[in-house]
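Remarks on the structure that follows.
The values are calculated or read from the model by the stated rules, or taken from the named source; none is laboratory data. Computed from a predicted model, the values in this text were never measured in an experiment. Cβ atoms come from the backbone with ideal geometry, glycine included; neighbour counts cover every protein chain shown. Calculation scope for accessible area: heavy atoms of the full protein, side chains included, ligands and nucleic acids excluded. Shrake-Rupley method; radii C 1.70, N 1.55, O 1.52, S 1.80 Å.
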Amino acid sequence: MREDDRFVGQLREALDRYAARVPDRSDPAEIVDRLERDGMLRRPRVDVGARVGQRWARRLRIVAVLAAAAALIATGAFIGSRRSSPPTPLAIGTEGGLMLATGDGVIVRTLEAGAHRDPRWSPDDRWLSGIGPDGSVVVLEANGTTRRTVNAAAYAWRMDPSGAPNLVVRRDDGTIAVLDPEHGDVREIPVETPATGAIAATADRIAWVAGPEIYVAERTGAALGPARLVTRTTRTTILQLALSPSGDDVAWIAADCLGTCLASLSVITLDGSAPRTLDGSIDTRSTLTWDPSGSTLLVLRDAGPPAVAMVDADDGKVTPVVDVAVFGAEVLVRPRWSAHGTAILVESGPSDIDAPFSKELWRLDADGGGLRRLATDTSGGDLGVTP
Amino acid sequence: MTVERLPGEHDLVARAAAGDRDAFTRLVALHHVSMLRVAMVVTTDPDLAEDAVQAAWAVAWRRLRSVRATESLQSWLVAVAANEARMILRARRRRPVVRLRQIEGGPQGDDPADRISQLDLERVLDRLDPADRMLLALRFIADLESAEIAKHLELSASGVRSRLARLLQRLRRELDHA
């Protein structure tokens, strides 16, 4: 279509008149004053990436890694034996690979090359999982001696009744299986309705999403019993699923779209009693984790500036934890309780127009205090933490 | 490509990026209205447009140093404003509102048949996705070329052109029926 088309001319003129409606009441000095009052004029922390460019930042970081690794080897403190020392706390999944890093973000070791995302530690900190370049889940022992891969569209770690870590996976074809990473055994869970969404697991139960329905399979003796329907939701898509620490309740986030709409948070007891919708202002990008006591759910709310909040699992009372303004950022993602329930983790970043999406990982206490930055990743990767 | 900058703007940008508040205020004076007009088309709400541009200036303060000398400052600023406007809409989840407005008359001697009425345009804009309004604003209010728009929306230039062509077809259809 030629842009000297008469319609385009009319449209341009109409848009011009429309845009001119917004009155220019502004005084430039007042705009800048307001930025200062809102605390927006402080400069961000200067990091290597800002000064010398990201490519050089990575090179410098590699040098720092080698120096740190050499120091660790020299002192004999390098991770080497099973269970004899705690694992390096940070796992980072980036375009460069799946890596271990110290609590300060210094990379110590690359476990897998190639793009990886969603790094997660097993509950016993022995294993690290991540989604590899081909979409399969890679499971690695933290000391690097054992490696497994499994086809999975969604998965969850659990400790089985014997205290061994398992990975419960949902495959692309809707089947569910349990992987024992130590022995490599894969055990199928019979499901009548193919699983389509999130999956959650405790020692005694596995729950999963099949369309608008939530199913659970419970342990009977040494095995998991057949699946049964827990509830059917009224929303189009179930985005997140989480079993309470006791395994008695299941919570979920559901929405009617994946983008610009609000999601709702609901809970039901696994016997089907006490269904309740707790909150209707959840960000569709929210993660969902229970606090260690099983009393509240940690979410990202969308009722104003992005904010992390705890929602009471009984009455839906909202307790704010922290909002985006504290971080001097525009976006918050993936608030969650740490694997051992000792801290809240959240990642902050700039608005979407900036690329790559540089994130900072923070830890804070349940009351929003004790805020501490754990790491900065300028490659746009995912950050996983233990404990 | 010739990059147009106002006389002395390069120096202003350098000083503002270094933290010179007076230089930054001068940049606000030069570019605020352009950003406001773009944000108005994206948000369709004057108050939200002002909020979006205020937020955009906060981004600009932090990220001015990332604007390359070969890049148009105005195109960068209006793109930031458009993106902040889109994010404000996402955060506030605006519902379409039927607003009653007095139908404007054109200046003396104008033939109404030659103009798209503001009421019709408003109704059509309300029905568009914010991303489409952003495309309209960057193309027709900020006068950015497809290549510049592509850079800010992380699309290819041909992708921008084809999206714009489909959007114009849709607008022609809806405004003809209005």
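Within the option set B:Val28, B:Val33, being in contact (Cβ under 8 Å) with a residue 24 or more places away in the chain and at the interface with another protein chain (Cβ under 7 Å from one of its Cβ atoms) holds for one residue only, B:Val28. Number of residues in the stretch B:47-62 that are over 13 Å from the mean Cα position of the chain (by Cα) and within 7 Å of another protein chain (Cβ to nearest Cβ): the value is 6.
The set of residues in the stretch A:304-317 being open to solvent by 50 Å² or more (accessible area, probe 1.4 Å) and under 26 Å from A:Leu243 (Cβ atoms) consists of A:Asp314, A:Asp315, A:Lys317. Please verify whether the stretch A:113-121 includes one or more residues that are open to solvent by 30 Å² or more (accessible area, probe 1.4 Å) and under 17 Å from A:Asn166 (Cα atoms). Checked the stretch A:113-121: at least one residue is open to solvent by 30 Å² or more (accessible area, probe 1.4 Å) and under 17 Å from A:Asn166 (Cα atoms). Here is the figure for the stretch A:318-350: residues that are open to solvent by less than 50 Å² (accessible area, probe 1.4 Å), within 14 Å of chain B (Cβ to nearest Cβ) and not aliphatic (A, V, I, L, M) total 6.
Give the residue that is least open to solvent (accessible area, probe 1.4 Å), with candidates limited to residues of the stretch B:138-178 that are of a type in the set (Ser, Thr, Tyr) and assigned to a helix (DSSP H, G or I). Across the stretch B:138-178, the extreme among qualifying residues is B:Ser146.
Set side by side, the residues A:Pro275, A:Pro245 differ, and just one is farther than 15 Å from A:Tyr215 by Cβ, in contact with a Pro (Cβ under 7 Å, 6 or more places away or on another chain) and not hydrophobic (A, V, I, L, M, F, W, C), which is A:Pro245. Taking (1) within 12 Å of chain A (Cβ to nearest Cβ); (2) at pLDDT below 80 in turn, B:Ser158 satisfies each apart from (1).
Would you confirm whether any residue within the stretch A:144-154 is open to solvent by 10 Å² or more (accessible area, probe 1.4 Å) and under 18 Å from A:Arg205 (Cα atoms)? Among the residues of the stretch A:144-154, at least one is open to solvent by 10 Å² or more (accessible area, probe 1.4 Å) and under 18 Å from A:Arg205 (Cα atoms), which makes the answer yes. Filtering B:Ala113, B:Ala79, B:Ala91 for residues that are at the interface with another protein chain (Cβ under 8 Å from one of its Cβ atoms) and either open to solvent by 70 Å² or more (accessible area, probe 1.4 Å) or at pLDDT below 85 (or both) leaves a single hit, B:Ala91. On the basis of being farther than 20 Å from A:Lys359 by Cα, open to solvent by 30 Å² or more (accessible area, probe 1.4 Å) and in contact with a helix residue (DSSP H, G or I) (Cβ under 9 Å, 6 or more places away or on another chain), does A:Arg109 make the cut? The answer is yes for A:Arg109. Between a residue in the stretch B:44-55 that is within 20 Å of B:Leu128 (Cβ to Cβ) and any residue that is open to solvent by 30 Å² or more (accessible area, probe 1.4 Å), which pairs come within a Cβ distance under 7 Å, given they are 6 or more apart or on different chains? From residues that are within 20 Å of B:Leu128 (Cβ to Cβ), the pairs are B:Thr44/B:Asp126; B:Pro46/A:Arg21; B:Pro46/A:Pro23.
Annotation note: of A:Pro161, A:Pro133, A:Pro123, the sole residue that is assigned to a loop (DSSP other than H, G, I, E, B) and more than 25 Å from A:Val209 (Cβ to Cβ) is A:Pro133.
Among the residues of the stretch A:239-278 satisfying the criterion of being charged (D, E, K, R) and more than 18 Å from A:Ala198 (Cβ to Cβ), which is most open to solvent (accessible area, probe 1.4 Å)? Residue satisfying both the conditions and the ranking: A:Asp271.
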